[in-house]
Amino acid sequence: MHSDLNMRAWFNYCVLFAGLIVVAAALSAQSEARDKPRALVLLSADTNIYAEALNGMQSVLNFDIEVLYLDNIREEYDTLADLIEERDAQAPTLIISLGPQATDHARRNVKDIPVLFSMLDNPRTLGLNSLADTCGIAIEISTVEFFQTLKEINPEARFVYAPFSTDDGEIRATEGEYHDLRQGLIYRKLRVRDTDDLEDSLEEIKPHVDAIYMITDALYDREVFEMVSRFSRENGVVLMTGFAPLVKAGATFAITPDYNHVGILTGRMVNRILSGESTCAQEYIQYPEYTSFYLNDEYAREAGIQIPESISQRANNSRLFRAGVDLYRQGKYETALKVFDVIVKKDPGNSNAAGYHALILEKITGNQTTQYMNRARQFMRAGNYAAASQQYQAALRLNPGHPDALRGYRDARRSLSEQERQTAARLRAGGQPFAAIRRYQAAIQA
């Protein structure tokens, strides 16, 4: 009987021990779930430009994301905050908002999670410049680029008008006032109340207007656009816009962001934040370097506007570039690489094309380049600049011309040189002149 009691006690002990293991594993899994970085992407709408940005972002992300549309949130929950509260342990550690509506909703309803916005043409319209825990990629294109293109098309152009009807529109229209004189232009904002007021204003400016700059504003619906387009064509006015579809519908040219590249920049910022390399406050607000150019030469001819060869070539180059980007988005990497090969050979200084070339090579060669780059960044953070330099070199052997690897290699060599110089100075101060000389020589050679 004593033996039976011992066996029963042993059995109970084993059951208890197994239960404790299960509980510990569950708590560990729950802890891991809480600590694992997660991002939720909130899209303003289901449109082509947001799809391009999302595609670019997903092509470089190192973390899993969940994608939701703002309309879906509103159908199932009152606000995004309600969804986050329901998720609890599975709540996102970062919100990525694409577009103004999603950004405004996230900003107003999420308090304790950083918001990384993208595809926002003017952060000031949402007051984002005052928020420490908001960062992202703004896509507004400076009026300088529009003004320079206008002067290239018509060197004699002088008067530019920008109609608008809202306070947000005025914020967007104001920038041109700071750049017009330097470009040899006189730029004027044109506030109007409605369509009739706009029609009267166009008649008033008709004797001397050379160009109209269509900003993003609630004023523009289909009827208003057709009115402005018709007025510009009939009066030889260059019609400029930041929205590509309007060029085909009846505008002279458009300059837009490269939305896929905007997505890539967004994805890389997400990687830096979720990996702990950076924070939203450190990233703050950044702008893409590259744009796309669209031209309607038939519309220009009908308006009596002579398009220079340089502008036509720029439009052709931009079309070729977009063809390469489309192939990249479709996963046709080999064909896309050939397109960017052609562009880079024709224009070696085209850093955007070089960036896509490197990105595609990275896709083709698997994740080897990424591994070298990650190790290089780890060595840089640790102050081991010689090892970082070697890793950047390895990345460049695999992917020659990789912009980040080239930049990183130069930074590593500069940092190594400075490190050797500081060591030499300490040795010299410590009475070791010969050792100091060797370090100074190493600093020069780095």
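Assorted remarks:
- Residue within the range 340-355 that is assigned to a helix (DSSP H, G or I) and under 20 Å from residue 272 (Cα atoms) present: yes
- Taking residues in the range 208-224 that are part of a loop (DSSP other than H, G, I, E, B), and partners anywhere that are surrounded by fewer than 22 Cβ atoms within 10 Å (Cβ to Cβ) and of a type in the set (A, V, I, L, M, F, W, C), the pairs with Cβ atoms closer than 6 Å and at least 6 places apart or on different chains are 208/159; 209/159; 210/157; 210/159.
- Among the residues of the range 180-207, those identified as assigned to a loop (DSSP other than H, G, I, E, B), more than 20 Å from residue 144 (Cβ to Cβ) and out of contact with any strand residue (DSSP E or B) (no Cβ under 9 Å at 6 or more places or on another chain) are 193, 194, 206, 207.
- Meets criteria (assigned to a strand (DSSP E or B) and without any contact (Cβ under 8 Å) to a residue 60 or more places away in the chain) for residue 294: yes
- Considering the range 61-127, the qualifying helices (runs of 4 or more DSSP H), each wholly inside and each with 2 or more residues that are surrounded by fewer than 15 Cβ atoms within 10 Å (Cβ to Cβ), run over 70-76, 80-87.
- Filter pass, residue 191 being free of Cβ contacts under 8 Å to residues at least 12 places away in the same chain and under 34 Å from the mean Cα position of the chain (by Cα): no
- From 202, 181, 239, 265, residue being among the hydrophobic types (A, V, I, L, M, F, W, C) and within 30 Å of residue 93 (Cβ to Cβ): 265
- Single condition residue 282 does not satisfy, out of (1) out of contact with any Lys or Arg (no Cβ under 6 Å at 6 or more places or on another chain); (2) outside any helix (DSSP H, G or I); (3) at pLDDT below 95: (2)
The rows are residues; the columns are (1) closer than 18 Å to residue 62 by Cβ; (2) among the basic types (Lys, Arg); (3) surrounded by 14 or more Cβ atoms within 10 Å (Cβ to Cβ); (4) touching a helix residue (DSSP H, G or I) at 6+ places or on another chain (Cβ under 7 Å).
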| position | (1), (2), (3), (4) |
| --- | --- |
| 275 | yes, no, no, no |
| 303 | no, no, yes, yes |
| 312 | no, no, no, yes |
| 336 | no, no, yes, yes |
| 340 | no, no, yes, yes |
| 346 | no, yes, no, no |
| 349 | no, no, no, no |
| 356 | no, no, yes, yes |
| 382 | no, no, no, no |
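- Hey, residue 381 modelled with pLDDT of 85 or more and under 22 Å from residue 276 (Cβ atoms) or not: yes
- In summary, residue 326 fulfils each of the numbered conditions (1) buried (at least 20 other Cβ atoms within 10 Å of the Cβ); (2) under 21 Å from the mean Cα position of the chain (by Cα) with the single exception of condition (1).
- Scanning the range 245-264 for residues that are more than 21 Å from residue 107 (Cα to Cα), among the hydrophobic types (A, V, I, L, M, F, W, C) and at pLDDT 95 or above gives 246, 247, 249, 251, 253, 254, 255.
- The set of residues in the range 356-397 being among the polar types (S, T, N, Q) and part of a helix (DSSP H, G or I) consists of 368, 369, 370, 371, 374, 378, 389, 390, 391, 393.
- Residue within the range 373-391 that is under 20 Å from residue 55 (Cβ atoms) and not hydroxyl-bearing (Ser, Thr, Tyr) present: no
- Selected residue [crowded, with 21+ Cβ neighbours inside 10 Å, in contact with a strand residue (DSSP E or B) (Cβ under 7 Å, 6 or more places away or on another chain) and closer than 23 Å to residue 54 by Cβ] from 228, 262, 237: 262
- Residue match in the range 313-326 (condition: more than 28 Å from residue 136 (Cβ to Cβ) and either of a type in the set (Asp, Glu) or at pLDDT below 90 (or both)): no
- Condition check for residue 301: within 23 Å of the chain's Cα centre (by Cα) and either part of a helix (DSSP H, G or I) or aliphatic (A, V, I, L, M) (or both): no
The values are calculated or read from the model by the stated rules, or taken from the named source; none is laboratory data. Quantities reported herein were computed from a predicted structural model and do not represent experimental measurements. Positions of Cβ are generated from backbone atoms using ideal geometry, with glycine treated the same way; all protein chains shown enter the neighbour counts.
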